[in-house]
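In what follows, a single structure is set out as structure tokens and then discussed.
The values are calculated or read from the model by the stated rules, or taken from the named source; none is laboratory data. Remember, predicted model here, so these are calculated numbers, not experimental data. A quick note on method: Cβ atoms are made from the backbone with ideal geometry, for glycine too, and the neighbour counts reach across all protein chains shown. Ligands, DNA and RNA are excluded from the accessible area calculation, which covers all protein heavy atoms including side chains. Shrake-Rupley method; radii C 1.70, N 1.55, O 1.52, S 1.80 Å.
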Amino acid sequence: CLDSKGEVHKFSSKWRRADCHDCSCHRDGIECCSSFATPVGYDRKKCVKIFNKETCTYKVVEKNDSSRECPVHGWVG
């Protein structure tokens, strides 16, 4: 399989892209999906979501104090 960066991958191989998407190569092509869940159920007025590219995870913190995490009631992935 030839990915969008021009790299060749063997059939049945799996890899993670820099944008935190997991990909796999099959005889019918490449399939990619996000490897992370996105928070959706939180107080958007008081809190903000922050994405960590190294761990491929979100955390939700207060806008005025990023050391305080906010409760999240729903995630989509």
- Only residues that are free of Cβ contacts under 8 Å to residues at least 12 places away in the same chain and more than 20 Å from ASN52 (Cβ to Cβ): list them for region 3-23, please. SER4, LYS5, GLY6, GLU7, VAL8, LYS14
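Select, from CYS47, CYS56, CYS32, the only residue that is among the hydrophobic types (A, V, I, L, M, F, W, C), at positive phi and under 21 Å from the mean Cα position of the chain (by Cα). Outline the logic, then answer.
On the way: CYS47 fails: at positive phi; CYS32 fails: at positive phi.
Answer to the selection: CYS56.
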- Query: If we keep just the residues of region 7-52 that are open to solvent by less than 50 Å² (accessible area, probe 1.4 Å) and among the small types (Gly, Ala, Ser), which is nearest to GLY77 (Cα to Cα)?
  - Reply: ALA37
- Collect the residues in region 20-77 that are farther than 24 Å from LYS5 by Cβ and among the aromatic types (Phe, Trp, Tyr), keeping them in residue-number order. TYR42, TYR58, TRP75
- Query: Do we find that ASP22 is under 10 Å from the mean Cα position of the chain (by Cα) and of a type in the set (D, E, K, R) in this structure?
  - Reply: yes
- Message: Give me the residue from region 53-77 that is hydrophobic (A, V, I, L, M, F, W, C) and assigned to a strand (DSSP E or B) and, out of that set, most open to solvent (accessible area, probe 1.4 Å).
- Response: TRP75
